[in-house]
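Notes follow once the structure below has been shown.
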Amino acid sequence: MLISLRTRLVLVFFAITLLAFTALYLYVAPGLRSRLLDARLTQLATAAREYSPPVARTVGSSATAAEIRQRVDQASRGSQTRVTLLAVTSAIQPSGPQLTPVADSSSPTSADQLRYAVAWKAIHTRGLALGTESRPAGIVAEAAMPVSFDGRVARVIIFSSPASDVVHAVSVVRQQILVAGLIAMLLALIGAYLVARWLTQRVGRLERAAERVASGEFEHPIAVDSRDELGQLAIAFNDMQRQLGMLDKARKQFIATASHELRTPVFSLGGFVELLEDEELDAATRRRFLGHVAEQVERLRKLSVDLLDLSRLESGSLELRPESVDLGELTRSVSAEFEVTLAQHDAHLELRLSGQVEAVCDPVRIAQIVRILIDNALTHTPPGTRIVVTAGRRNGTVKLAVRDDGEGIDGQALPRIFEPFFTADDQQGSGLGLAIASELAGRMEGRLDVDSRPGQTVFTLEIPA
Ligand SMILES: Nc1ncnc2c1ncn2[C@@H]1O[C@H](COP(=O)(O)OP(=O)(O)O)[C@@H](O)[C@H]1O
Ligand SMILES: [Mg+2]
């Protein structure tokens, strides 16, 4: 069963309050009762010690019953308790020793008949004994003082006072705890309900926003109404929404540009095919048209290979086949591929290799990067440019650099040249070369950096050796 956050919070609030008040009720109230009774017994003990001696002195003396009665009454008045003098009859009787009232400050008819359990305790311990006794009229606190005569306890003086006021006070406290508990529980329920509703409303807002994002809507951020955890969550959520929006825009842009790039050569091809269908074309024109067709097909081929590479790189599915590679040899052979193009551009390429440069890497992909860089140094520079390719090893890394003394890259364009489809001049490139090269470098745990100023552009590939 699904218990909502709101119900859970309300239950927890309720349970905590219930627990607190049950503890109060079960622990504080009985504790209070025993402390109050103890205090009452201590009072009685003090009274017993103070007012016993005059009564005790009558034992074994020739005091008359009236005199004894008078002393008992005096003790009662002084101590403001009921005082009872009990005689302990000898233990020789078959039923054992017995207690018989000799004098009582209250008249026996109006006063409750007590059983004097404490008296027996006093007889046995031969010392002051304290205790309580439950009577129909309520609880009674008692202090019993034994009086010895002839080597045995002959009398016991009982100081007693009703303790029902204590019981009453405790029950009042209990009742108040109960009432306060009920009110607190009600308040806890209302409070928990309100807090929970406020929280769930905010969570609900986040949930609805997440649904909107899931359905492709990235425009409206959620209002951040506080600095607490949910506020932080809202901020993080807005951040995520913004980034998703940017990604979504980039993806749409990518598809739009890619399809545009593909459409241009396809349309151009269509045009040439239509022209070639004309039967009256002379051989020279036909050859020229076929040359254009071949050019567009090559452009399409390159574009589709590049797009495939980029998508594999971005999805992480491009596999590298690392092996021990002599980078000097590799750059030499890639440079050789450009012999014809170099001659066409009247450019010069110089190779500078510092010793033996060996590294474990995928030779095909390194060659691809070098090819992209040399191609750029040729196509984006004026004729007669000098290109220098260097390879060397330093601090555990291998560095491959392609430098040209062309016009350099525009400062505003420089930060964007690694973006797919970005081109900074009107050479008919697709703008995928550097994007692929830098993604490849990243996959090899290396990096591709650029440093460009008027008169010099250097691309440096750095990979772990
Ligand atoms: N060596 C260079 N000199 C000047 N500009 C360059 C150089 N290399 C790259 N660029 C600029 O960077 C852009 C991106 O390069 P690239 O990704 O290879 O795309 P493409 O070569 O297809 O235009 C180029 O359009 C060009 O403007
Ligand atoms: Mg290029």
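Taken over segment 386-401, the criterion of being part of a strand (DSSP E or B) and either surrounded by fewer than 14 Cβ atoms within 10 Å (Cβ to Cβ) or basic (Lys, Arg) (or both) is satisfied by ARG386, ARG393, ARG394, LYS399.
Being touching a residue at least 60 places away in the same chain (Cβ under 8 Å), part of a helix (DSSP H, G or I), crowded, with 19+ Cβ neighbours inside 10 Å and within 16 Å of ligand 2 (Cβ to nearest atom) is a condition met by at least one residue of segment 376-385. The C-beta contact set for segment 419-448 (first residue more than 20 Å from ALA401 (Cα to Cα), second residue among the hydrophobic types (A, V, I, L, M, F, W, C) and more than 9 Å from ligand 1 (Cβ to nearest atom), distance under 8 angstrom, 6+ apart or interchain) comprises PRO420/PHE254; PRO420/LEU310; PHE421/PHE254; PHE421/ALA258; SER430/LEU303. One residue is enough: does segment 148-167 have a residue meeting the conditions without any contact (Cβ under 8 Å) to a residue 60 or more places away in the chain and under 38 Å from the mean Cα position of the chain (by Cα)? Checking segment 148-167: not a single residue is without any contact (Cβ under 8 Å) to a residue 60 or more places away in the chain and under 38 Å from the mean Cα position of the chain (by Cα). Of the residues contained in segment 264-287, none is found to be without any contact (Cβ under 8 Å) to a residue 40 or more places away in the chain and under 19 Å from ILE372 (Cα atoms).
Checking ASP225, ASP150 one by one, the residue that is at pLDDT below 90, acidic (Asp, Glu) and within 30 Å of LEU85 (Cα to Cα) is ASP150 and no other. All of (1) modelled with pLDDT under 85; (2) surrounded by 17 or more Cβ atoms within 10 Å (Cβ to Cβ); (3) of a type in the set (Lys, Arg) hold for ARG155 with one exception: (1). Check segment 35-54 and report whether any residue there is farther than 20 Å from ILE158 by Cβ and either assigned to a helix (DSSP H, G or I) or in the same structural domain as HIS124 (by TED's automatic domain parsing) (or both). Among the residues of segment 35-54, at least one is farther than 20 Å from ILE158 by Cβ and either assigned to a helix (DSSP H, G or I) or in the same structural domain as HIS124 (by TED's automatic domain parsing) (or both), which makes the answer yes. Under the condition of being assigned to a loop (DSSP other than H, G, I, E, B) and in contact (Cβ under 8 Å) with a residue 24 or more places away in the chain, which residue from segment 194-239 is surrounded by the fewest Cβ atoms within 10 Å (Cβ to Cβ)? Looking at residues that are assigned to a loop (DSSP other than H, G, I, E, B) and in contact (Cβ under 8 Å) with a residue 24 or more places away in the chain, I get GLU219.
Selection within segment 407-464: residues that are closer than 30 Å to SER317 by Cβ and among the β-branched types (Val, Ile, Thr). The member of this set that is farthest from ligand 2 (Cβ to nearest atom) is ILE463.
Of all residues assigned to segment 356-363, none qualifies as being near ligand 1 (Cβ under 9 Å from one of its atoms), out of contact with any Gly (no Cβ under 8 Å at 6 or more places or on another chain) and either over 30 Å from ALA256 (Cα atoms) or among the charged types (D, E, K, R) (or both). Of the residues in segment 446-456, none is of a type in the set (A, V, I, L, M, F, W, C), modelled with pLDDT of 95 or more, under 16 Å from HIS348 (Cβ atoms) and in contact with a strand residue (DSSP E or B) (Cβ under 7 Å, 6 or more places away or on another chain).
Yes/no matrix, rows are residues, columns are (1) among the small types (Gly, Ala, Ser); (2) within 9 Å of ligand 1 (Cβ to nearest atom); (3) modelled with pLDDT under 95; (4) not assigned by TED's automatic domain parsing to the domain that holds GLN428:
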residue	(1), (2), (3), (4)
VAL370	no, no, no, no
PRO382	no, no, yes, no
ALA391	yes, no, yes, no
ARG394	no, no, yes, no
VAL398	no, no, yes, no
VAL402	no, yes, no, no
GLU407	no, yes, yes, no
GLN412	no, no, yes, no
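Taken over segment 402-430, residues that are surrounded by 19 or more Cβ atoms within 10 Å (Cβ to Cβ) and at positive phi amount to 0. Taking each residue of segment 119-145 that is at positive phi and looking for partners that are aliphatic (A, V, I, L, M) and in a loop (DSSP other than H, G, I, E, B) with beta-carbon atoms closer than 8 Å, six or more apart or interchain, yields GLY138/ALA163.
The values are calculated or read from the model by the stated rules, or taken from the named source; none is laboratory data. If you're wondering where the values come from, they're calculated on a predicted model, not measured in any experiment. Glycine also receives a Cβ, built like all others from the backbone with ideal geometry; neighbour counts cover every protein chain displayed.
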